1. From the set of residues in region B:108-157 that are part of a helix (DSSP H, G or I) and of a type in the set (Gly, Ala, Ser), which is farthest from ligand 1 (Cβ to nearest atom)?
2. So which residues in region A:44-89 are of a type outside the set (Gly, Ala, Ser), more than 16 Å from ligand 3 (Cβ to nearest atom), within 12 Å of the chain's Cα centre (by Cα) and within 14 Å of another protein chain (Cβ to nearest Cβ)?
3. Check whether at least one residue in region A:352-365 is within 14 Å of chain B (Cβ to nearest Cβ), modelled with pLDDT of 95 or more, away from ligand 1 (no atom under 16 Å from the Cβ) and open to solvent by less than 10 Å² (accessible area, probe 1.4 Å), and report yes or no.
4. Which is within 30 Å of A:Gly283 (Cβ to Cβ), open to solvent by 20 Å² or more (accessible area, probe 1.4 Å) and of a type in the set (Val, Ile, Thr), of B:Thr103, B:Thr120?
5. Please specify each residue of region A:112-127 satisfying the condition of being open to solvent by 10 Å² or more (accessible area, probe 1.4 Å) and not polar (S, T, N, Q).
6. Show the residue pairs meeting these rules: Cβ distance below 9 Å; 6+ apart or different chains; first residue within region A:357-369 and at positive phi; second residue surrounded by fewer than 20 Cβ atoms within 10 Å (Cβ to Cβ) and among the small types (Gly, Ala, Ser).
7. Return the residue satisfying two criteria in turn: it lies in region A:279-310 and is among the polar types (S, T, N, Q) and within 16 Å of ligand 3 (Cβ to nearest atom), and of such residues it is surrounded by the most Cβ atoms within 10 Å (Cβ to Cβ).
8. Among the residues of region A:91-98, are any within 30 Å of B:Phe70 (Cα to Cα), more than 10 Å from chain B (Cβ to nearest Cβ), open to solvent by 20 Å² or more (accessible area, probe 1.4 Å) and under 14 Å from the mean Cα position of the chain (by Cα)?
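The values are calculated or read from the model by the stated rules, or taken from the named source; none is laboratory data. Remember, predicted model here, so these are calculated numbers, not experimental data. Note that each Cβ is placed from the backbone with ideal geometry, even for glycine, and that neighbours are counted across all protein chains shown. Note: areas computed on protein heavy atoms with side chains; ligands, DNA, RNA excluded. Shrake-Rupley method; radii C 1.70, N 1.55, O 1.52, S 1.80 Å.
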Amino acid sequence: MEVKILSEHYDKPSYKSLDGYKELGGYEDLAKALKMDPKQIVEDVKASGLRGRGGAGFPTGVKWGFLPENGEPRYLLCNADEGEPGTFKDRLMMEAAPHQLIEGMIISAFAIKSHKSYIYIRGEYNDSIRSLEKALAEAYKDGLLGKNILGSGFDHDMDIYVGAGAYICGEETAMISSLEGLKGQPKLKPPFPAIEGYLGKPTIVNNVESLASVKYIIRDGVEGYRKHGTEKSAGTKLFSVSGNVVKPGNYEIALGTSMKTLIMDIAGGMKPGRKLKAVIPGGSSTPILTADEAMSANMDYESIASFGSFLGSGAVIVLDDSNCMVDMLGILMHFYHHESCGQCTPCREGTGWLNKVVHAILKGEAREKDLELINGISNHMMGKTICALSDAAAMPALSFLQKFRDEFEYFIKEGQSKVRGVGYAQMHH
Amino acid sequence: MFKLSPAGEEFVKKELTRYETKRSAIIPCLFKVQEENKGWVSPEAVTYLSGLMDLPEAWVNEVLNFYTMFNKEPVGKLHVQVCCNISCCMNGARELTKHLKDTFNVKEGEVSADGNVTITRVECLGSCGTAPMMQVNDNYYENLTHESAVKTIKELM
Ligand SMILES: Cc1cc2nc3c(=O)[nH]c(=O)nc-3n(C[C@H](O)[C@H](O)[C@H](O)COP(=O)(O)O)c2cc1C
Ligand code: SF4
Ligand code: FES
């Protein structure tokens, strides 16, 4: 069953405008928050159990708590770079409800005592950019941003920064470099951004959905927010379901809902005559699950982790039995090779090699022992680099090979796909 | 010699004071140059922009070369970018790309003889639930068929 908290009004075109948003209770939670003690808001966000919706699932309130206690200027950065293949939920939020994000951000900024924030948005998202620009102008005009917001004495400025096409800029330290006008390359942590971020100042980076969710913690209180979800995975979350389902789309469900309900009921299940083969549960970087695993997993951080994978960004990529797994892995390895920023040798070389080996299999140029090469390269890429992109490339490779090894062996032996019965040329055009 | 329009130069001036540092203005200003230079950023445009911004040319080049949305070569009037990441490929994106290249008689990444189209394959554009999809210049076109994609491009020409 869908539980629409964030997405309750997404189907109403009026919700995009300030007037329409206000008619449906918009900015009432900001007014409420501005009367609270900022420290209490941080405590409430901690107690709500909200975990970052951008991929890593780190508790939002705990992250905010890492900020220094002094009066040093600090920045809030909204991560709207949404680039993890399979993910399209932040785009929906920014297009259907730009004020929801802005309201969540002002509340968050008040809680962490920040007077300046940026929404870093991927450059291809033109509709989202237009939607946010219009909403920001409306908010300024209405006194919701700028000096002395709603008479509270709190000042806050918000701006949009448009990226220029680089998946790696979704990684928080790369995003900061990019915003500073440098190449968008990640930096070694620590120092974490909360201590040393944008221009060397304390900086909190949160995903669009995380920041919008803060509004509902204020609205419903900690208890109310926790009514949905599980003890360790509180609240609702948007899931982007794509691939071979009858009704792909974004669906909001309580965390802990079964994956079976999400895929088979809410997203319409498989197309006639097709069977579920596998699911990538949280974006292309997360290890793939077999059909059996998927049908017994729940959509919460702990359940997916118990199958050795991650809830990630909430991008559920559904594959039916018409897909060749070697072909699918080839697409992913091409992606990571293309997106590696090249700073770390294991990542730069590893993504290149993985891409090469998988494509050698596809082209009928590989030998059986090359499968061990995939394992070897992948293991060498894990936990050895500045950022997690290297792991993000290695994990799908390891899991595809482990769970669908027969298809890789068949391809090497026969020079064609076990599933599709054809070779590389017919699949790739 | 490339030069921005007066409105373009005004834009650069504003961007230079919009962020905490001037350097942050490089991305938005490169977008402006690309917009006014038929969709790409030429080496001479970089020299001009770095002069206008009073920032080292190396800084501008560093940014230019890092990001995929800046075209370092000329592109057609319509820059057609078809997503060929996983969810789109499951829904026929590669077949669609081939159909478009055949229909408009152009090789990947090159400009068609009439200067009208460039077709490139790109990574996930966040439209996976409405696959296959393409971006033509600034706009997304989703849930495509071979016919609807060709029709869209022809209408935009
Ligand atoms: C390669 C890579 C790409 C990432 N891309 C995104 C992204 O597109 N959007 C996002 O919110 N977080 C992304 N992240 C995670 C961010 O680094 C960061 O953890 C997140 O924005 C924190 O926000 P949250 O705690 O609210 O989730 C990415 C991380 C890595 C390693
Ligand atoms: S792991 Fe890869 S993407 Fe991340 S910093 Fe190193 S080279 Fe760049
Ligand atoms: S996979 Fe094509 S838009 Fe995401």
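1. Result: B:Ser148.
2. Correct list: A:Asn79 only.
3. There is at least one residue in region A:352-365 that is within 14 Å of chain B (Cβ to nearest Cβ), modelled with pLDDT of 95 or more, away from ligand 1 (no atom under 16 Å from the Cβ) and open to solvent by less than 10 Å² (accessible area, probe 1.4 Å).
4. Among B:Thr103, B:Thr120, only B:Thr120 is within 30 Å of A:Gly283 (Cβ to Cβ), open to solvent by 20 Å² or more (accessible area, probe 1.4 Å) and of a type in the set (Val, Ile, Thr).
5. Within region A:112-127, A:Lys113, A:His115, A:Lys116, A:Arg122, A:Glu124, A:Asp127 meet the criteria.
6. Matching pairs, first to second residue: A:Gly364/A:Gly415; A:Gly364/A:Gly423.
7. A:Ser284
8. Pass one, region A:91-98, residues within 30 Å of B:Phe70 (Cα to Cα): A:91-98.
If we keep only those that are more than 10 Å from chain B (Cβ to nearest Cβ) as well, we get A:93-98.
Filter once more, so that each one left must be open to solvent by 20 Å² or more (accessible area, probe 1.4 Å): A:95.
Cutting the leftovers down to under 14 Å from the mean Cα position of the chain (by Cα) gives us none.
No, region A:91-98 has no match at all.
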